[in-house]
Structure formats: C-alpha cells, structure tokens
Amino acid sequence: QVQLVESGGGLVQPGGSLRLSCASSGSIFSINTRGWYRQAPGKQRELVAVITSDGDTTYLDSVKGRFVISRGNAANPVFLQMNSLKPEDTAVYYCNVATNVMTYWGEGTLVTVSS
C-alpha cells in the first residue's frame, strides 16, 4: 500500500512563505489529479489546489495569486508553494493523489501563520 507523507509545514509570520512537499512510498500509476486540501480547527476539510494530468489547475479563491501547485516525480508527486501567507491560512494541509481506482491521502502537515 502506497503511503503519502507531507513535509514543509511549520510556524511562519504573516507575509511569509512555505513550500509543502508530498513524498510517496511507491509509484502511483495512471494519476488523474494531484491536490492539496486543508482543515482548520473547527472547520471542514477544503480543497486548496488541484492539478490534473494535463496540467490544468484549480485554486480556492482565497489562495489565488498566492499559492502555486506543481507536479513532481514519482517520489514526490506534488508540491505547494505558499506565498504571502495569512493567519487564516493556518490549518493542517493534506496532499491527495487520485487515480481511477484509488485515492491516496497523507496524514497532514501543520501550517501555522502567526506573529
């Protein structure tokens, strides 16, 4: 069973940047989408960004212009560059890789934006 592990989270001041990575324990074939979700305390998990196999991207409105999702290789299938971070971006961030038959999730990495 392939496992995903996120990294790159941490404490950052407002206006700062972080780059999240998603490492895979094995190769995932026939990937349809790669994405990042987040869940803030007391809130539901929400889609932050997704990129298709064709390279099309979709972003949560509140992160447009600040976050950039990109595809990687088999070992690191997806990244999320986060710039101009705001306190409301504080959440646990999860990577997600989906094929026709399986959806893989990581266990999350905490991002805290605070002065």
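The values are calculated or read from the model by the stated rules, or taken from the named source; none is laboratory data. Not measured: the values here are computed from a predicted model. Counting neighbours? That spans all protein chains shown, and the Cβs are built from the backbone with ideal geometry, glycine included. In case anyone asks, the SASA skips ligands and DNA or RNA and just uses the protein heavy atoms, side chains included. Shrake-Rupley method; radii C 1.70, N 1.55, O 1.52, S 1.80 Å.
Data overview
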quantity: Where V63, V50 fall by accessible area, highest first, once all protein chains stay in place (1.4 Å); calculated: V50, V63
quantity: Carbon and sulfur %, accessible surface of the chain computed with the full protein complex present, 1.4 Å; calculated: 48 percent
quantity: E88, E46, E6, E107, reordered so the largest accessible area comes first (probe 1.4 Å); calculated: E107, E88, E46, E6
quantity: Qualifying trypsin sites (Lys or Arg not before Pro) for the stretch 1-106 [loop in DSSP, other Cβ within 10 Å: at most 16]; calculated: K43, R45, K64, R66
quantity: Backbone HN-Hα couplings from phi across the stretch 48-58 [Karplus 6.51/-1.76/1.60, Hz, Gly and Pro as x]; calculated: 9, 7, 9, 10, 8, 5, 8, x, 6, 10, 9
quantity: Accessible area (Å², per residue) of the chain, counting only protein heavy atoms and a probe of 1.4 Å; calculated: 53 Å²
